[in-house]
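Worksheet: one structure, shown below.
The values are calculated or read from the model by the stated rules, or taken from the named source; none is laboratory data. Keep in mind that this is a model prediction, so the values were computed, not measured. Cβ coordinates were reconstructed from backbone atoms using ideal geometry, including for glycine residues, and neighbour counts include every protein chain displayed.
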Amino acid sequence: MDLAVEKKKIGYKDILMDKNFCLFIIGNLISRFGDSIDTIAYGWMVYEITGSTALMALIFGVNAIPTILFQPIAGVFVDYKKKKNVVVLCNLGRATVVTITALMFIFGILKPYHLFIFTFINSTFESFEGPAAIAAYPLIIEKEKFAYARALQSTLSRIVELVGLAVAAGIIAVIGIGGGMIVNAVSFFLCGIFMAMVRYKEEILKKQQLNMKGYFVDLKDGFIYLKTSKILMSITIFAALINLFMIPFNTLGVAYVNEELLKGPEVVAMISFSLTTGMLIGGAIYPKIAEKFKGINLFIISGVILGTAYLSLAFVPMIGVDLVLYGTIILLAFLFGASASIFMMIVNITFMQKTEQQYLGRAAGILNSLCMAATPVGSLVVGSLCVFLSTAQLFLIFGIGMVVLFLCQRYNKSMQEI
């Protein structure tokens, strides 16, 4: 008699049958839909209030500061608090701030300095919610279901994002920019309500009172934990480097279309749609291809495709036939999105699986803070290079660098644990 116990095969059906996790996903999807509307409404509102692209850039720069400063603090804080309460309160806090911003805009009393304050506060709530949401994941669903759970959440989020972007213009046309902001505020309120309905497994909290001395001790423990875990340290450094390599693509997309391709906003929209579609497909197929490829192999393959698509954008302006140019840019954007989605899934799932529950909040806070810290450094470098190099040349250089970085991971012993 064969006594071998066959490991139960996990699939999307198992995730969809988990009503508790579905509540969690629904809350996130509602919030994601609101964010999609806000992406357009908030940008137009900021420009209408400031009338200055420089102030717009400064406001979006302020948005990154809380992540750099507060996520390590938040990572320690959530170890002392119930993750559910932190997630719910942060969503309600963000809903309140967005509501106040929208009402002040509607009544014509919103000033540029208000935007700096509200942006900072809203981003602070987001900084605390991030580590809490990541640390809560093992309390909501079993680790063996992580791959399909994250894939389902990612896929549905991309679908909702596409729908949100598609209807955003219509919603804003009907109820105005302020109305669009109200829709986002309502989405945060509803997300908070759904998160309050989710059942969490019993968690072990630190019982001593959090003080400055205890905070620095716990934060130090978090850094030591990351430092002593070779795989987590490698992932953290690698994620920060990739974030740096992505800066030209993330910041110079419009300039690339306008100056290199000599096209207009319709091509920007085409790239965005193809990129999001690629991320949707990449997230959906990840669990299946993860079963067929060793983790490190899939990691390197996805990265090489990502870097190759990136550097290939440098050659698109050489295409003289518009139809071929459009087809090429759609294909490259799709491959870029799909490979980026798979890469991010691998990093997120490995990070959650390899991190002990009691350190998950702190580790996530430190990871996000270090990744975001690479942004101002990279922006300074890219800004300096823009004086000497074209956007296409930057894409080529940073794309090649990304390919080399991923290929080198074959010789990084720590990354073999992926």
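Scanning the range 82-111 for residues that are assigned to a loop (DSSP other than H, G, I, E, B) and among the basic types (Lys, Arg) turns up Lys82, Lys111. Does Leu360 meet the test of being more than 29 Å from Phe125 (Cβ to Cβ) and either surrounded by 19 or more Cβ atoms within 10 Å (Cβ to Cβ) or without any contact (Cβ under 8 Å) to a residue 24 or more places away in the chain (or both)? The answer is no for Leu360.
Here Thr99 clears all of (1) surrounded by 16 or more Cβ atoms within 10 Å (Cβ to Cβ); (2) more than 25 Å from Ile25 (Cβ to Cβ); (3) among the β-branched types (Val, Ile, Thr) except the condition numbered (2). Assessment of the range 314-324 against the conditions (part of a helix (DSSP H, G or I), buried (at least 21 other Cβ atoms within 10 Å of the Cβ) and at negative phi) yields at least one matching residue. Scoring Phe128 on the criteria (1) in contact with a Leu (Cβ under 8 Å, 6 or more places away or on another chain); (2) of a type in the set (Phe, Trp, Tyr); (3) buried (at least 21 other Cβ atoms within 10 Å of the Cβ) leaves a single failure, condition (1). Could you please let me know if Ala269 is part of a helix (DSSP H, G or I) and either surrounded by 20 or more Cβ atoms within 10 Å (Cβ to Cβ) or in contact (Cβ under 8 Å) with a residue 24 or more places away in the chain (or both)? So Ala269 does not fit the description; no. For the residues Ile305, Ile285, Ile300, Ile329, the requirement of being of a type in the set (Val, Ile, Thr), surrounded by fewer than 17 Cβ atoms within 10 Å (Cβ to Cβ) and either part of a helix (DSSP H, G or I) or assigned by TED's automatic domain parsing to the domain that holds Leu394 (or both) singles out Ile285. Of everything in the range 203-228 that is assigned to a helix (DSSP H, G or I) and among the acidic types (Asp, Glu), the residue that is modelled with the lowest pLDDT is Asp218.
The condition (being over 20 Å from Val403 (Cα atoms), polar (S, T, N, Q) and part of a helix (DSSP H, G or I)) is satisfied by just one residue among Asn250, Asn258: Asn258.
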